[in-house]
Amino acid sequence: MPAHDGSAGLALTDRASALAEHYRLAAGIRAFERLLLDQFASGRIGGTTHTCIGQEITAVAVTAALDRARDCVFSNHRGHGHFLAYCGEVFPLLAEIFGRRDGVCGGRGGSQHLHWRNFYSNGVQGGSVGNAVGVALAEKAKCSGAVTCAWLGDGTFGEGLVYEAMNIASLWRLPIVFAIEANGIAQTTPTELQLAGGLAARCRAFDMPVEEVPGTDLAETLAVATRAVDAARAEQRPRALISHAIRLGPHSKGDDTRGTAQMRRAWARDPVAMLRSEVGAAADAIDRDITALMHDTLARANETAP
Amino acid sequence: MSKETTVQASLNAGLRAALAADERVIVLGEDVLDPYGGAFKVTRGLSAQFSDRVLATPISEAGIVAVATGLALRGFRPIVEIMFGDFLFLAGDQIVNHAAKYRAMFNDEVRVPLVIRTPSGGRRGYGPTHSQSLEKHFLGVPGLWVVAPHSLSDPGELLRQAIFDVDDPVLFVENKIGYGEAILRGIPGYETVRLGDTASPFPTLWLKPHGANDGLLLCYGGMARLALDAAAALREREQLRLGLVIAAQLSPTPTSHLDAVLRAGAPSCVVTVEEAPAAGGWGAEIIATIEQIRDARRLAPISYRRVGAANTAIPSARALEDGILPQVQDIVAAALDCF
């Protein structure tokens, strides 16, 4: 794996970091995903990808609640935001999706299959949730004090392994947080066509405390995530949080079947725009930094060897 | 070779030795705790001795393999018991798309040293969903070893190799009938050759008949004893001397072992023996590999036969089951048909 000094990435800070830093990360993830969609649209990269436009602040808030030095993350198919929130490594991620040797997995993993320090992702729905429970068991057995964060969506709740994993996590009192991004749509299928009952009730059935947030306010999401991570660590038992995040982009590249009126309403609640208005005047400079970073990163990725 | 006299005792001793030798070893499975000690008693006595590292699990084959994969990613060496090989497909996605893939797709930066043990095979009247030999469906999966012990070699030592000598997931297929078999140490009338190397570390046992060598029977696992009986019958009744090649490493195909056997001279007749239906099976892969070696070495043509179960669900009634699973006389008939 190539060495990275982090100087060209998105700045990272743990916990009570300034609002502006959270904005830098959320807006950076947004810019990265837009860059990817542009590159796909112009045919400069192939294969597939799933962007998290609209869901950025959930990734930023939950990851900010973690202790990056020791905690573990198991992400899913829509994991760029989780990855960048974890490590800020823009270039290795872009190079990976470009299929370059300097990519985080040498181009072998691509968009959905990433590994960096204690971060892992896999593209099969539900499968990595079970692996995350195993990681939590390993860290508990080692007495490392680490919490594991398992990312899943409301669509993932169709997979049986999710329930096997939650059952084992609760039964064996494992320090894991199930971070659920309930964006209301599974690829093109709205949640009301694929889910009976409720997500929170399903979590509670395993005797697992769960809190819900709208997924539009960073401070609120961070507070709930911090409670969940701290409790999982202190009590050595699983917790769940449900963020009703908004997927503003397509499932993959251009496959959004939702109507314009629905999307207009969704964009009116854009969490990154709301966060930007909270940041105020400082946002302009951050946006300029991000634009420059994306420009430089793209140029660097284009220059690297395949 | 260990002192244990049966396959079951040897595997049990192998597990105990692994738990004692290395604190990274964790055993997980359904009903593995004492006093029950697993459906086939292979884990008996382990939870009493290593209570914090022998874990009883819910009935969640996918979940167990998923958790074990996570453990392996983070430095442990888990051993999973899947109660019946028939249930492997419940964990199939975890085996193929998770455990076996992580090392390659994460650019060789991680290891998944995981052993999945499972009892397979019929002849106990357990019927269509508790008697199968499904391992052929896992042959050729990149990143996955498939290994089978048998009673002509040391099963506990093979298990030790699977746990410690490779860093990738191993599907370890145990034959139910084989558990009670006494371990044979040396077979009269044969020279015993063990083939193993870095690329294919799990040893193939090659029994070369003294004197002439009229053909080869290739088999693995529970079929070894049937093949041995068939070879004895062919010698007594037909004066034919057949060698036996008993594989332990089913996947990747131990090509170098087969090459070593063929270097000694091409047999005129090769019969593969497996308990599953032969269609799309282990024998087909073996024959294809032997043909490639034969062709490369410009050896004389070989006649091939495959012996396996009838291509149907395994019946519960013992008489019906015997009718569809391969028997000694089927191997004898296939060999005679070859000449």
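Largest GNM mean-square fluctuation among B:THR69, B:THR255, B:THR312, using chain B with Cα springs under 10 Å: B:THR312.
Between A:TRP267 and B:ASP31, the distance separating the two model label sites (each 7 Å from Cα on the Cα→Cβ line) works out to 6.0 nm. Our estimate of slack between A:ARG227 and A:ARG258, defined as 0.36 nm per intervening residue step minus the Cα-Cα distance, is 7.7 nm. Over all distinct Cα-Cα pairs of chain B, the Kirkwood formula returns a hydrodynamic radius of 20.3 Å.
Computed over region B:7-180, the percent of Cα pairs more than 22 Å apart is 37.
Averaging the Cα positions of each part gives two centres, and for region A:186-240 and region B:249-281 these lie 53 Å apart. In the frame of its principal axes, region B:157-217 has Cα extents of 41, 31, 18 Å, reported largest first.
Could you tell me the calculated FRET efficiency between A:ALA69 and B:ALA317, based on Cβ-Cβ distance and R0 = 56 angstrom, to the nearest 0.05?
It comes to 0.35.
On the basis of the beta-carbon distance and an R0 of 45 Å, B:GLU236 and A:THR189 show a calculated FRET efficiency of 0.10. Partnerless cysteines in chain B, where a partner means another cysteine C-beta under 4.7 angstrom, comprise B:CYS219. Counting only DSSP beta bridges with both residues in the protein assembly as shown, the antiparallel share comes to about 20 percent. Between B:ARG185 and B:ASP197, the modelled label-to-label distance comes to 3.0 nm, taking each label 7 Å out from Cα in the direction of the beta carbon. Hey, in the GNM for chain B with a 10 angstrom Cα cutoff, which one of B:PHE172, B:PHE202, B:PHE106 fluctuates hardest? Evaluated over chain B, the most mobile residue of the options is B:PHE106. Computed from the Cβ-Cβ distance with R0 of 41 Å, the FRET efficiency linking A:SER144 to B:HIS210 stands at 0.10.
Cβ-to-Cβ counts within 10 Å put A:TRP172, B:TRP206, B:TRP282 in ascending order as A:TRP172, B:TRP206, B:TRP282, the fewest first. The fewest-to-most ranking of A:PHE32, A:PHE178, B:PHE40 by surrounding Cβ atoms within 10 Å reads B:PHE40, A:PHE32, A:PHE178.
This model, with +1 at the C-beta of Lys and Arg and -1 at the C-beta of Asp and Glu, gives chain B a dipole about its Cα centre of some 460 debye. Using only the C-alpha atoms, the convex hull of the protein assembly as shown corresponds to 168 Å³ per residue. Between A:GLU235 and B:THR255, the modelled label-to-label distance comes to 5.6 nm, taking each label 7 Å out from Cα in the direction of the beta carbon. Counting Cβ atoms of other protein chains within 10 Å of each Cβ in B:101-111 and taking the mean gives 6. For chain B, the relative contact order comes to 15 percent (Cα pairs under 8 Å, sequence separation of at least 6). Shielding by partners for peptide B:70-82, expressed as the average number of C-beta atoms from other protein chains within 10 Å of each residue's C-beta, is 5. When only alpha carbons are used to place a centre, region B:283-332 and region B:43-71 end up 36 Å from one another.
Each peptide among B:147-154, A:160-167, A:187-194, A:228-235 gets the average number of other Cβ atoms lying within 10 Å of its residues, and from highest to lowest they stand as B:147-154, A:160-167, A:228-235, A:187-194.
Cβ crowding within 10 Å ranks A:TRP116, A:TRP151 as A:TRP116, A:TRP151, fewest other Cβ atoms first.
I'd like the orientation of helix B:61-73 relative to chain B: the angle between its Cα long axis and the longest Cα principal axis, in ° from 0 to 90, rounded to 10. Once rounded, the angle reads 80 degrees. The mean count of C-beta atoms from other chains within 10 Å of the C-beta of residues in A:101-110, rounded to a whole number, is 3.
I want to verify a result. In a Gaussian network model of chain B, Cα cutoff 10 Å, which of these has the top mean-square fluctuation: B:GLY178, B:GLY29, B:GLY70? So, out of B:GLY178, B:GLY29, B:GLY70, the one fluctuating most is B:GLY70.
Taking all Cα pairs closer than 8 Å and separated by 6 or more residues, the relative contact order of region B:190-338 comes to 24 percent. Which pairs break 23 Å Cα to Cα here: B:LYS3/B:LYS176; A:LYS140/B:LYS101; B:LYS101/B:LYS136; A:LYS140/B:LYS41; A:LYS142/B:LYS3? Long pairs (Cα-Cα over 23 Å): A:LYS140/B:LYS101; A:LYS140/B:LYS41; A:LYS142/B:LYS3. Centre-to-centre separation between the Cα atoms of region A:150-182 and those of region A:49-97: 18 Å. Computed over Cα pairs, the Kirkwood radius of region A:24-84 leads via Stokes-Einstein (0.692 mPa s, 37 °C) to a diffusion coefficient of 265 µm² per second.
Over region B:67-116, what is the relative contact order in whole percent, taking alpha-carbon pairs under 8 Å and six or more residues apart?
53
Here the dipole of the protein assembly as shown is about 540 debye; that uses its Cα centre as origin and unit charges on the Cβ of Lys and Arg (positive) and Asp and Glu (negative). Relative to the longest principal axis of the Cα atoms of chain B, the long axis of helix B:328-338 makes an angle of roughly 50 degrees.
The length gained by stretching the chain between B:ASP52 and B:PHE339 to full extension, at 0.36 nm per residue less their Cα-Cα distance, is 97.6 nm. Computed across chain A, the Kirkwood hydrodynamic radius from all distinct Cα-Cα pairs reaches 19.3 Å.
Summing Lys and Arg as +1 and Asp and Glu as -1 over all other residues whose Cβ lies under 12 Å from the Cβ of A:LEU248 gives a net charge of +3.
Here, each number is a calculation from the coordinates, and none is a lab measurement. Everything numeric in this text was worked out from a predicted model, so none of it was measured. Here the Cβ is made from the backbone with ideal geometry for all residues, glycine too, and neighbour counts use every protein chain on show.
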